[in-house]
Amino acid sequence: MSEPKIGIALGGGAARGLTHIPYIEAMDELGIKPTHIAGTSIGAMMGAGWAAGFSGAELREYAYDYLGSMRSIVGRIWSTRMKSFSTLLRNSMSMQLDALEVINSFIPEGVPEQFDELDIPLFIIAADFNTWHQVVFRHGELFPAIAASIAIPSIFKPVEFGDRLLIDGGVVNPLPLDVASRNVDILIGIDVNGSPTDTKFNSEPSLIDVGIGSAQIMMHGLIAHNMAAFPPDLYIRPRMKPVGALEFWKVKEIVEGGDEDKEAFKRQLGELIEAVISSKQKNL
């Protein structure tokens with residue numbers, strides 16, 4: 001009896017997406033690999049590391065090392081804007097970041113440049129700014145696809161890739177259950193979009209806070225619609241501690257918040273796998 005085919009959707013949620021790590025660890029500890037991964041935004045980046053063969057524990061260690069302080073994050077981002085004099089001139093009048101340069105600075109060494117070199121099939125979701133349609137990447141160059149998927153409007157410049165102008169996949173599909181559901185026995189969705197209680201403002205929110213908060217409201221509705229059309233067998237919405245969407249330097253606080261539900265996730269997934277195997281045996 002073969003193991004059940006598992007499709008997993010890793011949702012977008014900026015810094016909150018670091019809570020994907022404990023669930024990747026949980027599947028490692030159960031000795032389970034998904035049949036394929038579908039990722040949006042930060043979920044695309046986490047999914048790329050996982051699909052490249054990094055364990056959840058390795059992703060945790062890497063995140064702690066590279067995102068542990070605001071100084072280290074700002075330093076790496078600033079270095080992407082200073083690679084050459086021409087880059088400096090090009091970006092001097094804009095505070096928007098180049099998503100591909102950021103990806104090249106933060107993605108772990110060992111993640112291949114091509115989709116076909118990954119250990120686990122990976123689907124990455126972005127949005128076509130001109131057609132308003134979802135774009136699903138599966139083959140070809142990996143890094144530009146990740147860059148497009150994380151390109152949050154106003155923070156990142158749109159990514160030109162092929163003949164398309166692309167932006168954050170969360171605009172069209174923040175939890176890609178539809179893509180992850182293809183030809184699987186078990187569909188898992190990990191929703192890190194957050195809730196109204198995840199961020200509390202002691203003063204008037206900034207322009208970026210309002211923009212990202214508005215996007216969260218929009219994505220909440222999109223996720224609900226997608227769940228109705230493609231109901232997951234296991235849906236996880238981690239309990240988030242109040243952190244801002246861009247507060248990546250709070251990486252330990254964010255990741256350890258996901259640890260609270262890790263054992264429950266392992267138990268639920270184990271029971272679900274047993275149920276699927278039992279059902280297949282009965283139908284033999």
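Listed by first and then second residue, the pairs linking a residue in the range 223-237 that is closer than 10 Å to Leu177 by Cα to a residue that is among the aromatic types (Phe, Trp, Tyr) and modelled with pLDDT of 95 or more, with Cβ atoms under 9 Å apart and 6 or more places separating them unless they lie on different chains, are Met227/Tyr235. Residues that are within 17 Å of Phe129 (Cα to Cα) number at least 1 in the following strands (runs of 3 or more DSSP E) confined to the range 152-247: 159-161, 164-168. For first residues located in the range 252-270 and closer than 16 Å to Ile24 by Cβ and surrounded by fewer than 19 Cβ atoms within 10 Å (Cβ to Cβ), partners that are aromatic (Phe, Trp, Tyr) and modelled with pLDDT under 90 and lie 6+ apart or on another chain with Cβ distances below 6 Å do not occur. Looking at the structure I just gave you, is Glu160 touching a Phe, Trp or Tyr at 6+ places or on another chain (Cβ under 9 Å) and among the charged types (D, E, K, R)? So Glu160 does not fit the description; no.
The residues of the range 187-223 that are touching a Pro at 6+ places or on another chain (Cβ under 8 Å) and modelled with pLDDT under 70, listed by number, are Thr197, Asp198, Thr199, Lys200. Reported count of residues in the range 133-151, each being surrounded by fewer than 20 Cβ atoms within 10 Å (Cβ to Cβ) and assigned to a strand (DSSP E or B), is 3. In the condition set (1) part of a loop (DSSP other than H, G, I, E, B); (2) at pLDDT 95 or above; (3) within 20 Å of Trp50 (Cα to Cα); (4) open to solvent by less than 20 Å² (accessible area, probe 1.4 Å), Pro108 is compliant with all but (2).
The values are calculated or read from the model by the stated rules, or taken from the named source; none is laboratory data. Remember, predicted model here, so these are calculated numbers, not experimental data. Every residue, glycine among them, receives a Cβ derived from its backbone with ideal geometry; neighbour counts consider all protein chains shown. The area values use the complete protein model at the heavy-atom level, side chains included, leaving out ligands, DNA and RNA. Shrake-Rupley method; radii C 1.70, N 1.55, O 1.52, S 1.80 Å.
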